Amino acid sequence: MEGDYIKINPWLKPLSWLYGIGVWVRGFLFDNRIIKSKEYPFPVIGVGNITVGGSGKTPHVEYLVKILHETLQIAVLSRGYKRKSKGFVLAKENTKMTEIGDEPFQMHRKFPDIHVAVDANRCRGIETIMSGEETHDTDIIILDDAYQHRYVTPGLNILLVDYHRLISNDALLPAGRLREPASAKCRADIVIMTKCPTDMKPMDYRILQRAMSLMPFQKMFYTTMVQKPLIPLFPQEVPEIRDESHLPTVLLITGIASPEHMIADFEGKCEKLIPMRFPDHHPFSASDVEAINLQYRMIKKPAIIVTTEKDGIRLSEAQGLTKAVRQAIYVQPIEVRFIQDEEIFIDTIEKYVHKSNRYSSMATRTTRPSGIAVPRPTPLPRREQPQPAERDSVPNAEDSNNTWNRPRPTGTGNQGGTGIPIQRHPTFPGFDS
């Protein structure tokens, strides 16, 4: 049920009120262009959320890479959360996880022929990518977790909302998990409801649409997370699991913001589940490794250990795991699947990219000059169900009344906020400087 993972601490609401004042002031400065926001004359897609972690940003960025990879040179720019380096860092063959962070490292390992870079200053990061000797061939930049980084105005802004943590039911930090008020959704061009159940009924769609209360120019889509076959973390030591329909005892190690969804998935397919939770992006220390070794030693066998992809990256570099643990640990890959309207989503993305002035000269390219071919995501089987809402097709850039050229609503999420309307999507071709 939507909103079933939300917990609000009423004792912290006074602090949330103070935090909200700071958010409002910052938004007011951007909305009125007292603080400048940059736009760029090439495709820039932003992917982010309003809540703190756990909405599936990395899998959705990977999905975008898969659908654009065959004809475009992609660069993914992230902040590089909890990395030990500073400034701009471009991932290379010998780059370590500590230099760029676990999620960018995961993406670099999955897609070695795209550019993956980190920089807390996204403007500097974008400009370094486009001018760099190794990255000047970039056709499109995807900003990972950049919804609050308003120094850059993406040409297309994608907001992710967790089905189990509707922003309309949540509260600002620290009482809740909102970074901004829910009405900051007005900056999004596309809203994706993530982690949805696959058996949603027409009434469920209507409830979600009413709860989100989007504007006419905004498009809403629904995705779910599909678990792929388990992969041994240490392939040379661990055999593959041929039948995952009924697993033995599972020690589930998670260092992610919202592990509840993963826990619920495994509860139904193993004899016994033992969750072992760590904070998001947690660096596994020697004491953590010892705790994992001890916990696995105490579990009745047969038993396996399962962890997430990004936790697996950190665990693979941890020292001190016993041989028994190394021989029992598996990684659970996940993949984004659209419940419906996947073709409309892909068409929306491709039309935005093709209408960019910089990309138009490259539109005849049909294959990547080099690199690894990445197949498009596999859609869910089609089911007969009514569409949740009739959506307009993506308007032609030459139409002066189209929504892509419509001035954006102002405000950081404050209802009735004041400020100068910002023209977020200048008429193609070309961008305002």
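Read-outs: derived from the displayed coordinates by stated rules, not from any lab. Predicted model, so just to flag it, every value in this text is computed and none were measured. Note: ideal-geometry Cβ built from the backbone for every residue, glycine included; neighbour counts use all protein chains shown.
Here's the list of lysines a cross-link from LYS86 could span, going by alpha-carbon distance under 20 Å and ignoring same-chain residues fewer than 8 apart: LYS96.
Cross-link reach is defined here as a Cα-Cα straight distance under 23 Å, omitting same-chain residues fewer than 8 places apart; for LYS195 the lysines meeting it are LYS7, LYS57, LYS66, LYS110, LYS185, LYS219, LYS228, LYS269, LYS310.
Using the Cβ atoms and a cut-off under 15 Å, what net charge is assigned to the surroundings of ALA286, where Lys and Arg are +1 and Asp and Glu are -1? Counting the neighbours of ALA286, the net charge comes to -2.
P(r) tail, the stretch 73-125: Cα-Cα pairs separated by more than 17 Å, 22% of all pairs.
For ASN121 and ILE274, FRET efficiency with R0 = 51 Å and r from the beta-carbon atoms, rounded to 0.05? For R0 = 51 Å, the calculated efficiency reads 0.75. Along the stretch 69-85 the Karplus relation, 6.51 cos²θ - 1.76 cosθ + 1.60 evaluated at θ = phi - 60°, assigns HN-Hα couplings of 5, 5, 10, 10, 8, 9, 10, 9, 10, 10, 6, x, 4, 6, 6, 9, 9 Hz to successive residues, with x for each Gly and Pro.
In this calculation the C-beta distance from SER245 to GLU70 is compared with R0 = 22 Å, giving a FRET efficiency of 0.05. Amide H contacts of MET220: VAL191, each under 5 Å away and 5 or more positions distant or on a separate chain (H built 1.01 Å from N in the peptide plane; Pro and chain starts excluded).
Seen from GLU99, the other residues with C-beta closer than 14 Å to its C-beta sum to a net charge of +4, counting Lys and Arg as +1 and Asp and Glu as -1.
Across the stretch 231-332, the relative contact order, built from alpha-carbon pairs under 8 Å that are at least six residues apart, equals 39 percent. Averaged over residues, the count of other Cβ atoms within 10 Å places the peptides 219-226, 14-21, 343-350 in the sequence 219-226, 343-350, 14-21, highest first. Counting only DSSP beta bridges with both residues in the stretch 231-332, the antiparallel share comes to about 10 percent. For ALA211 and SER37, a Förster radius of 30 Å and the Cβ-Cβ distance give a FRET efficiency of 0.55, rounded to the nearest 0.05.
Sequentially through the stretch 285-296, phi angles give Karplus couplings (6.51, -1.76, 1.60; θ = phi - 60°) of 8, 4, 5, 5, 4, 5, 5, 5, 4, 5, 4, 5 Hz, Gly and Pro residues having no value and appearing as x. Cα centroid distance between the stretch 1-59 and the stretch 196-214, in Å? For the stretch 1-59 versus the stretch 196-214, the Cα centre distance is 22 Å. Of the peptides 149-160, 243-254, the order by per-residue mean of other Cβ atoms within 10 Å, starting with the highest, comes out as 149-160, 243-254.
Beyond 22 Å, the tail of the calculated P(r) for the stretch 1-118 holds 54 percent of the Cα pairs.
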